[in-house]
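Comments concern the structure below.
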Amino acid sequence: MPAGEFCNGSPPPPPGSDDEEEWLWSQIKAEARCDAESEPALASYLYSTILSHSSLERSLAFHLGNKLCSSTLLSTLLYDLFLDIFTKDSSLRSATVADLRAARYRDPACISFSHCLLNYKGFLALQVILFVLFVCGVLVRIINCIPDLKSPRFCSSVDLLQRTVLCCFQAHRVAHNLWTQCRKPLALALQSRISDVFAVDIHPAARIGKGILFDHATGVVVGETAVIGNNVSILHHVTLGGTGKFGGDRHPKIGDGVLIGAAATILGNVKIGEGAKIGAGSVVLIDVPARTTAVGNPARLVGGRQQPTKHEEIPGESMDHTSFIFDWSDYII
């Protein structure tokens, strides 16, 4: 669907407006109807995942339940769990809307909102991670806390061949607080299933903003104490990891509007400033100032450390990966 065309006939409301969720759900259903008419082989699939449901949260809960179920973790149990959590907090739904918009407008390969909802595994994986965080908060109110172990890692439409995307929520901030108070077998079980099904490993305690795009998402690793701001775009095989066996606060802090290229590795408790850009394949071990570009192994700042070149745009939204290349590269292919 070309940019600017909408199946429901009305333009999108401003981001964050009261009627944004209703408009988006109407758009998703209209897209699914169009796809079902043009591809009869998908009609049953689209009906069961989208058209038979009365709301976005019901559709998403159903889809995630079927994606993550196993012979011992039933889809009906997961559906009830996800739907109960989703309907309790409106900020979860508004963040999901922001994530869907981020994928639709930032990724040129994303042909529709329904395409993202059904097939973008980065989006789906992160929704479950945030569900887990909310669940942890509920469990804390019900059961006695079990003391934390000291191990640094503990604290547990349409195309059918797709890569991935995005996501995230704000209610996870409270849940993250509660996560630190006890260990939660359910959270660990869901995290394991997410890794198995989506090939994405995000620790449930990681703090993540909204409007996030995980483009392709395969191989993304986000550590326990990592923080990702709002409107960040991250490509496949990116690692936000630690530097060894150290415990405590040991993972990267990613500012708002950052763009991290494919296969980049950022290690340790380092800060990537607001609006910074990390080139594909780079290895970052020290802080990167805001609005600068770091490239290479080990990563160096374009323009030099003393007076690095600064850009005005927000790369996490513009998705501009290569504008720095003429200031950086002196080789000829």
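For segment 270-290, filtered to residues that are among the aliphatic types (A, V, I, L, M) and either assigned to a loop (DSSP other than H, G, I, E, B) or not assigned by the TED database to the domain that holds A226 (or both), the residue that is surrounded by the most Cβ atoms within 10 Å (Cβ to Cβ) is A276. Tell me whether segment 210-225 contains one or more residues that are in contact with a Phe, Trp or Tyr (Cβ under 9 Å, 6 or more places away or on another chain), open to solvent by less than 40 Å² (accessible area, probe 1.4 Å) and modelled with pLDDT of 95 or more. No, segment 210-225 contains no residue that is in contact with a Phe, Trp or Tyr (Cβ under 9 Å, 6 or more places away or on another chain), open to solvent by less than 40 Å² (accessible area, probe 1.4 Å) and modelled with pLDDT of 95 or more. Total residues in segment 108-130 satisfying the condition of being open to solvent by less than 10 Å² (accessible area, probe 1.4 Å) and more than 21 Å from R33 (Cβ to Cβ): the figure is 9.
Considering each of Q127, Q170 in turn, give the residue that is at pLDDT below 50 and closer than 21 Å to V232 by Cα.
On the way: Q127 fails: at pLDDT below 50.
Answer to the selection: Q170.
Confirm whether F62 is buried (at least 18 other Cβ atoms within 10 Å of the Cβ), farther than 18 Å from Q191 by Cβ, in the same structural domain as A36 (by the TED database) and modelled with pLDDT of 90 or more. Show your work before the answer.
Numbers: buried (at least 18 other Cβ atoms within 10 Å of the Cβ): yes; farther than 18 Å from Q191 by Cβ: yes; in the same structural domain as A36 (by the TED database): yes; modelled with pLDDT of 90 or more: yes.
Against the criterion (buried (at least 18 other Cβ atoms within 10 Å of the Cβ), farther than 18 Å from Q191 by Cβ, in the same structural domain as A36 (by the TED database) and modelled with pLDDT of 90 or more), F62 qualifies.
The values are calculated or read from the model by the stated rules, or taken from the named source; none is laboratory data. In this text the structure is predicted, and so the values were computed from the model without any measurement. Neighbour counts run over all protein chains shown; Cβ positions are idealised from the backbone, glycine included. Keep in mind that these areas ignore ligands, DNA and RNA; they rest on the heavy atoms of the full protein, side chains included. Shrake-Rupley method; radii C 1.70, N 1.55, O 1.52, S 1.80 Å.
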